[in-house]
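Enquirer: Please see the structure below; I have some questions.
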Amino acid sequence: MNKQIVAITERIVERSKTTRANYLAKIEREKSETVHRASLSCGNLAHGFAACGKEDKAKLRGLNHSDVAIISAYNDMLSAHQPYQTYPDIIKAAVAETGGVAQFAGGVPAMCDGVTQGQPGMDLSLMSRDVIAMASAVGLSHNMFDGALMLGICDKIVPGLLIASMTFGHLPTVFVPAGPMPSGIPNKEKARVRQQFAKGEIGEDKLLEAESASYHSAGTCTFFGTANSNQLVVEVMGLHLPGASFVAPNTELREELTKAAARQVTRLTQQSGNYMPIGKMVDERSIVNAIVALLATGGSTNLTMHIIAFAKAAGIIINFQDFNDLSDAVPLITRIYPNGHADINHFQQAGGMALLFKQLIEAGLVHEDVETICGRGLTRYTKQPVLENGQLTWVDGATTSGDPEVIATTDKPFKADGGLKVLKGNLGISVLKTSSLRDGSFVIKAPAVVFEDQHELDVAFKAGELDKDFVAVVRFQGPKARGMPELHKLTPPLGVLQDKGYKVALVTDGRMSGASGKVPAAIHLCPEALDGGLIAKINTGDMILLDGETGELTLLVDDAELAKRELSQFQVNGHHQGMGREIFGFMRRNLSSAETGACSLFSDEEK
């Protein structure tokens with residue numbers, strides 16, 4: 001094992017000693033030596049299986065057969081989740097073959113950042129993660145279940161399902177993916193068309209034509225944003241079947257993997273004699289493995305918050321510095337858009353997860369001896385699923401890259417580090433994604449131009465007011481102010497200015513899309529403006545230094561001058577009303593900082 005990774009793991013274990021011990025004690029108290037429904041009264045149980053068929057009722061009356069919960073994010077508007085429509089029947093039949101019963105325990109909301117980018121609904125996006133966790137908890141709270149299957153893909157859905165799974169850590173749990181859509185127009189071409197539209201060179205008809213050619217069928221969006229980063233992280237944590245993450249939907253192989261996942265969870269229940277609850281299976285080493293894989297592939301910065309949040313639900317304390325230090329130890333070995341031109345299907349064809357596992361294990365960058373849903377050890381994840389005569393089996397995965405422009409080696413990586421840098425200075429602490437930055441754009445020293453809404457920047461851009469070197473400061477976008485919406489609408493105009501030769505950067509207490517990275521952006525800034533962060537004292541014209549090499553983020557204004565300034569006040573201006581935002585006030589007010597997961601679900605002490 002890499003000594004630096006071992007040392008970081010050990011400090012996480014030490015930091016989490018008390019909270020992890022309390023968590024393990026909790027799930028030990030919540031487990032059952034028999035089926036969980038044995039604790040229900042006759043009236044409770046009758047309600048629990050009232051809608052079941054005669055055969056399932058007979059099984060659930062007894063105490064020998066497992067009852068598996070299905071929690072699903074299915075809806076047919078979102079391409080990634082539409083394939084889940086048929087999964088419950090497939091799962092129920094597969095679990096029945098093992099002698100058990102599967103019940104659809106609950107549905108959870110699934111919103112799409114792609115639909116809500118730049119819209120009022122985006123203000124609900126991050127908070128939807130906590131709603132998903134709570135909705136999952138409602139479904140599992142009936143205490144009927146001995147295991148769970150989690151069906152979800154995209155940005156906030158998987159992290160929400162993970163928070164719930166860790167909260168119900170006494171249950172064996174398997175995650176069931178649905179796979180990416182076929183490749184559409186190249187991502188580079190899509191980005192080019194967006195910039196053409198931002199410059200006014202084409203109209204909405206051409207833009208919609210390009211977008212529709214990119215997002216064109218059922219399945220996950222093919223760029224390496226938060227959704228596909230989620231899938232990669234879940235598989236590296238051993239919660240998917242090996243190689244399940246990026247198999248296309250509506251294929252025979254995908255259906256057989258779904259059946260196998262359903263059967264697998266029954267092998268982990270108390271009744272199986274091989275009890276392995278998710279809360280015990282996922283430990284500090286699993287979390288470190290997840291971060292390492294995210295960094296090695298240049299994944300979404302949204303996961304910096306999500307991993308912190310679901311790790312905390314398991315009693316494990318992670319912070320931004322852990323990401324920074326692991327990034328120093330981990331080379332970047334994939335190029336997937338926005339870090340390159342390839343999409344997730346090209347990654348799969350070049351060797352995919354099996355090759356990634358092989359490289360990370362051989363380089364000593366991950367803890368191999370962790371528990372997974374398939375048993376101890378990540379080596380089994382170097383195999384890939386195939387159908388042989390209609391039967392699902394696993395064969396050895398690729399040992400070398402099918403496309404060195406997509407998957408490199410740890411000996412000759414695309415970048416010596418993992419492409420994530422934590423920036424610190426008088427403005428606070430923030431995260432910078434460096435894996436997609438061009439040479440020469442790591443250090444920006446320029447005057448600030450302050451905005452309090454991303455749309456204000458777009459107006460200034462269209463008016464020609466931003467043809468210069470500058471640092472865009474977009475504040476009052478943090479968790480407590482706005483619910484931390486993504487600011488992906490900023491990417492095209494800032495990218496246009498960068499292409500013109502101007503040195504531009506972004507500093508914000510908000511988020512950028514998981515598909516961003518071309519423009520240097522200090523995001524997730526803590527403390528946020530509404531919490532009294534120094535960002536609330538910046539004036540247009542103040543010099544700012546953003547240094548992605550040394551890790552510095554400094555407002556270059558004399559301390560005496562700053563002491564004279566008052567903090568700018570957040571102007572609500574309707575941002576808390578409309579599109580449902582008015583009913584999320586209680587949650588918005590209770591969100592923790594980005595560095596502690598931007599989560600509303602933990603007590604003040606745990607935040």
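Enquirer: Just how large is the dipole of the chain about the Cα centre, in debye to the nearest 20, putting +1 at every Lys and Arg Cβ and -1 at every Asp and Glu Cβ?
Expert: The calculation lands at about 820 debye.
Enquirer: Can you give the helix-only mean residue ellipticity at 222 nm for the chain, where every DSSP H stretch with n ≥ 4 adds -39500 (n - 2.57) and the sum goes over all residues, rounded to the nearest 500 deg cm²/dmol?
Expert: Mean residue ellipticity, 222 nm, calculated: -10500 deg cm²/dmol.
Enquirer: Related question: Could you give the semi-axes, largest first, of the ellipsoid that matches region 420-575, computed as the square roots of 5 times the alpha carbon gyration tensor eigenvalues and rounded to whole Å?
Expert: Output for region 420-575: semi-axes of 21, 18, 16 Å.
Enquirer: What list of ³J(HN,Hα) couplings, whole Hz, do you get for region 433-438 from phi and the Karplus terms 6.51, -1.76, 1.60, once you set θ to phi - 60° and write x for glycine and proline?
Expert: 8, 9, 5, 9, 6, 6
Enquirer: Hey, got a sec? Which trypsin sites (Lys or Arg not before Pro) in region 149-248 land in a DSSP loop and have at most 15 other Cβ atoms within 10 Å?
Expert: 199
Enquirer: Right, something else. What order do you get for 475, 438, 511 when you list them from fewest to most C-beta neighbours inside 10 Å?
Expert: Fewest to most other Cβ atoms nearby, the residues stand as 438, 475, 511.
Enquirer: If you plug each phi of region 260-275 into the Karplus form 6.51 cos²θ - 1.76 cosθ + 1.60 with θ = phi - 60°, what whole-Hz ³J(HN,Hα) values come out, in order, with x for Gly and Pro?
Expert: 5, 4, 5, 5, 5, 5, 5, 7, 10, 7, 4, 5, 6, x, 10, 4
Enquirer: Check cross-link reach from residue 57 to the lysines: straight Cα distance under 25 Å, and skip same-chain residues fewer than eight apart.
Expert: 31, 92, 259
Enquirer: How many angstrom lie between the C-alpha centres of region 116-149 and region 20-36?
Expert: Region 116-149 and region 20-36 have Cα centres spaced 23 Å from each other.
Enquirer: List the residues, sorted by chain then number, that are 5 or more residues from residue 451 or on another chain and whose placed amide H is less than 5 Å from its amide H.
Expert: Close amide H contacts, sequence-distant or interchain: 473, 474, 475.
Enquirer: Here's something else I'd like to know. How do 476, 451 line up, fewest other C-beta atoms within 10 Å first?
Expert: Ranked by crowding around the Cβ, least crowded first: 451, 476.
Enquirer: Pull out a ≥ b ≥ c, the square roots of the eigenvalues of the alpha-carbon gyration tensor of region 236-297, then state rounded if a/c is under 1.5, prolate if not and a/b is larger than b/c, and oblate in the remaining case.
Expert: The shape class here is oblate.
Enquirer: Grab the beta carbon distance between residue 209 and residue 455, set R0 = 22 Å, and tell me the FRET efficiency rounded to 0.05.
Expert: The calculated FRET efficiency here is 0.35.
Enquirer: Right, another one. If r is the Cβ-Cβ distance from residue 379 to residue 17 and R0 is 35 Å, what FRET efficiency results, to the nearest 0.05?
Expert: 0.75
Enquirer: Starting with the fewest neighbours, write out 221, 374, 42 ranked by other beta-carbon atoms found within 10 Å of each beta-carbon.
Expert: So the residues, fewest neighbours to most, are 42, 374, 221.
Enquirer: Moving to a separate point now. Provide the percentage of antiparallel DSSP beta bridges, counting only those with both residues in the chain; round to the nearest 5.
Expert: 50 percent
Enquirer: Using 0.36 nm times the number of residues separating residue 77 and residue 61, minus their current alpha carbon distance, what extension gain do you get?
Expert: Value of the extension gain: 2.0 nm.
Enquirer: Here's a follow-up. Of 487, 6, 295, which is farthest towards the positive pole of the chain's charge dipole, taken about the Cα centre with +1 and -1 on the beta-carbons of Lys, Arg and Asp, Glu respectively?
Expert: Selected residue: 6.
Enquirer: Cross-link list 445/537; 421/445; 206/445; 518/564: which exceed 27 angstrom alpha carbon to alpha carbon?
Expert: Long pairs (Cα-Cα over 27 Å): 206/445; 518/564.
Enquirer: Using alpha-carbon positions, what is the distance between the centroids of region 573-590 and region 274-296, in Å?
Expert: Here the answer is 34 Å between Cα centres.
Enquirer: In nm, to one decimal, how far is the residue 389 label point from the residue 7 one, both placed 7 Å along Cα→Cβ?
Expert: Using points 7 Å along Cα→Cβ, the separation is 5.4 nm.
Enquirer: What are the residues whose amide H is under 5 Å from the amide H of residue 173, where those residues sit 5 or more places off or on another chain and H is modelled from the backbone?
Expert: 148, 278
Enquirer: Related question: Can you tell which of 125, 193, 172 lies farthest toward the positive end of the dipole of region 119-217, using +1 and -1 charges on the Cβ of basic and acidic side chains (Lys, Arg; Asp, Glu)?
Expert: 193
Enquirer: Also, quick follow-up: Quick check: the distance between the Cα centres of region 373-420 and region 153-167, to the nearest angstrom?
Expert: 24 Å
Enquirer: If you don't mind, another one. Strictly over 18 Å apart at the Cα level, which of 468/503; 190/503; 199/468 would you flag in this model?
Expert: 190/503
Quick note: the coordinates plus some simple rules give every number you see, no bench work behind them. The shown structure was predicted, so the numbers you read here are calculated from the model rather than taken from an experiment. With ideal geometry, Cβ positions are generated from the backbone for all residues, glycine too; neighbour counts draw on all protein chains shown.
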